[in-house]
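J.: Before I ask anything, here is the structure I am working with.
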Amino acid sequence: MKLNLHPKWNHEAKVTCGCGNTFVTGSAQDEIIVDICYACHPFYTGEMKFVDRQGRVDRFMQKVSVAKKKQAAQAKTDTEEATGTPEEAAEALSYKQLLQKEQNRLKTAKAA
């Protein structure tokens, strides 16, 4: 068998809840911090309590907006680097269109 494969098991890991309740359990971590425990969860207490998850949604939406801003800034710098003139950058041609354009150029060069 391989030695030192499994993490060290802590038989007295302290769990701390957001409501202030603490209890001891077994875990690979020494200390665990949770948002909701058996003492404050609406299912176990029978109380009609609103569990706030608004902060998570706000943080996610903030990350999305930051990512969109970075993506827009990167796209802007990519178009500026790709071509020197803004007209060429605005005229994005597909591969098929580029091939047709090159074929037409070659035909006119042969004819001349």
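A short reminder: the numbers here are calculations on the coordinates, not readings from a lab. Predicted, not measured: the structure shown is a model, and the values here were computed from it.
J.: Please report, largest first and rounded to whole Å, the three semi-axes of the ellipsoid equivalent to the range 1-43, where each semi-axis is the square root of five times an eigenvalue of the C-alpha gyration tensor.
T.: In descending order the semi-axes read 28, 9, 7 Å.
J.: Let me ask another. Taking amide H positions as placed 1.01 Å from N in the peptide plane, with prolines and chain starts having none, which residues 5 or more places from Ile32, or on another chain, fall under 5 Å of its amide H?
T.: Lys14, Val15, Thr16
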